Amino acid sequence: MAAPAPEPTTGLELKAPASGGLSADPVPPATMSTQRLRNEDYNDYSSTDVSPEESPSEGLNNFSSPGSYQRFGESNSTTWFQTLVHLLKGNIGTGLLGLPLAVKNAGILMGPLSLLVIGIVAVHCMGILVKCAHHFCRRLNKPFVDYGDTVMYGLESSPSSWLRNHAHWGRHLVDFFLIVTQLGFCCVYFVFLADNFKQVIEAANGTTNNCHNNETVILTPTMDSRLYMLTFLPFLVLLVFVRNLRALSIFSLLANITMLVSLVMLYQFIVQNIPDPSRLPLVAPWKTYPLFFGTAIFAFEGIGMVLPLENKMKDPQKFPVILYMGMAIITALYISLGCLGYLQFGANIQGSITLNLPNCWLYQSVKLLYSIGIFFTYALQFYVPAEIIIPFFVSRVPEHCELVVDLFVRTVLVCLTCVLAILIPRLDLVISLVGSVSSSALALIIPPLLEITTYYSEGMSPITIAKDALISILGFVGFVVGTYEALYELIQPSSAPVFINSTSAFV
């Protein structure tokens, strides 16, 4: 709700040339400890030399390591079609399923228009990141720089001496938001799994083979959704103990297939017998719009995948066309599912549209299939923060304790995502909160500022500076207001969460 997997960094001390205003200081100690660890025989972190197609997640695309990618056009390169497929798969996840509720929070007219605008701005920011990365690759004679490297070099090119002296914090800032984003995705997965399995189990006695029955099914109460999250906890802990992504490739393929089949069946249902939309508001109350923003930017947060995908292409000069074509398809998919889902279910739409599907075995299988895909995607999303956090701890213990510390930190991180999901058990609020807090920073706030710091000393037009400043300001406003509104709704909900059976929408 794939992107290429991160690969190991080298064990060399990377230094940037002193020319062009870039500092010649070595890589920060935290990065060096990670590189040292990976340069030794502790290879479980670096056994990720898999092709991009082996990861279906929308978030594994968000991390890459300095010096970890091959030069353009070498072995294991992907064709333009493969790159397009990876781009599409990397943007399909739980965020897509939450867009109908997002459209409700914006209005049937304002929702799709806002999704279009956010999509255009997000793609523009992706293009900015690619342009700045190319600039530093040429300037530093590097085959590849990742998101964190690009921000760090951008700050080193800044005319401000304070920014140049603290440029390494640019990488730390990107890593921080990557960790928050990916662990946030994992929290969303806990809530998604719990909600969907709870609904399937509680409706099992009333589930029939008749998918056109308009009668409301009386749910059989089982246990609280938080207990379902605790039930999934040990299985997800065992899943993340698999540290080699190549070993997860078969599960990645399974996740891709199940999610694709689920989406086809979902579209097949929502396009039938659409009710009269005249009663739906064209523009929703302004108070719910920040929740729309958080969900929308959560869905569009795929900026971390663009540099690794381009580097893997045989012909990277074609990547801009692939990027714009792929994101146009994704934007159309988001708008269509968001609008059709809201039109079909109206005010009864829930945090995930799968929760609105009828209680017949055909559509109950859609919930189960998508949940299976999300379950295995958890490990791929989890790899990103694990790759950043775990080496910090493992590098500080004796060699014979490395494996124990590795597994312990993994267990703690999974438990952390479970606890956070239990504290915020509403799927719509979790998605909106994660999108507002971290996705807005990575997708909207940082890239325009990066363009200014990179090119300001070389001369920029006032219009470009004003454009970049406007995008960052709007992203920051969305960050603040969206986070506040999600937290406020969590603490003092305006209405109780809706846990109705979807077939009541037909009554």
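The values are calculated or read from the model by the stated rules, or taken from the named source; none is laboratory data. Not measured: the values here are computed from a predicted model. Cβ sites come from the backbone with ideal geometry, for glycine too, and all protein chains shown count toward neighbours. All accessible areas refer to the heavy atoms of the entire protein, side chains included, with ligands and DNA or RNA removed. Shrake-Rupley method; radii C 1.70, N 1.55, O 1.52, S 1.80 Å.
Would segment 80-100 turn up any residue that is modelled with pLDDT of 80 or more, touching a strand residue (DSSP E or B) at 6+ places or on another chain (Cβ under 8 Å) and open to solvent by 20 Å² or more (accessible area, probe 1.4 Å)? Yes, there is a match, as at least one residue in segment 80-100 is modelled with pLDDT of 80 or more, touching a strand residue (DSSP E or B) at 6+ places or on another chain (Cβ under 8 Å) and open to solvent by 20 Å² or more (accessible area, probe 1.4 Å). If you go through segment 114-130 one residue at a time, do you hit one that is buried (at least 24 other Cβ atoms within 10 Å of the Cβ) and over 18 Å from the mean Cα position of the chain (by Cα)? So far as segment 114-130 goes, no, none of its residues is buried (at least 24 other Cβ atoms within 10 Å of the Cβ) and over 18 Å from the mean Cα position of the chain (by Cα).
Residue-wise test of (1) among the polar types (S, T, N, Q); (2) part of a helix (DSSP H, G or I); (3) more than 17 Å from Val180 (Cβ to Cβ).
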site: Leu407; (1), (2), (3): no, yes, yes
site: Val412; (1), (2), (3): no, yes, no
site: Leu416; (1), (2), (3): no, yes, no
site: Pro425; (1), (2), (3): no, no, yes
site: Val434; (1), (2), (3): no, yes, no
site: Ile446; (1), (2), (3): no, yes, no
site: Ser457; (1), (2), (3): yes, yes, yes
site: Ile465; (1), (2), (3): no, yes, yes
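Leu403 falls short on exactly one of the conditions (1) open to solvent by 30 Å² or more (accessible area, probe 1.4 Å); (2) over 16 Å from Val237 (Cβ atoms), and that condition is (2). Leu260 falls short on exactly one of the conditions (1) aliphatic (A, V, I, L, M); (2) open to solvent by 30 Å² or more (accessible area, probe 1.4 Å); (3) at pLDDT 90 or above, and that condition is (3). Residue by residue through segment 97-110, note down the ones that are touching a Phe, Trp or Tyr at 6+ places or on another chain (Cβ under 9 Å) and either under 18 Å from Ser440 (Cβ atoms) or part of a loop (DSSP other than H, G, I, E, B) (or both). Hits for segment 97-110 are Gly98, Leu99, Ala102, Asn105, Ala106, Gly107, Ile108. Scanning segment 205-221 for residues that are open to solvent by 70 Å² or more (accessible area, probe 1.4 Å) and not charged (D, E, K, R), which turns out modelled with the highest pLDDT? So the residue we want is Asn205. Per the listing Leu442, Leu470, the residue uniquely part of a helix (DSSP H, G or I), modelled with pLDDT under 95 and not hydroxyl-bearing (Ser, Thr, Tyr) is Leu442. Being closer than 25 Å to Thr453 by Cα, in contact with a Gly (Cβ under 7 Å, 6 or more places away or on another chain) and part of a helix (DSSP H, G or I) is not true of Val180.
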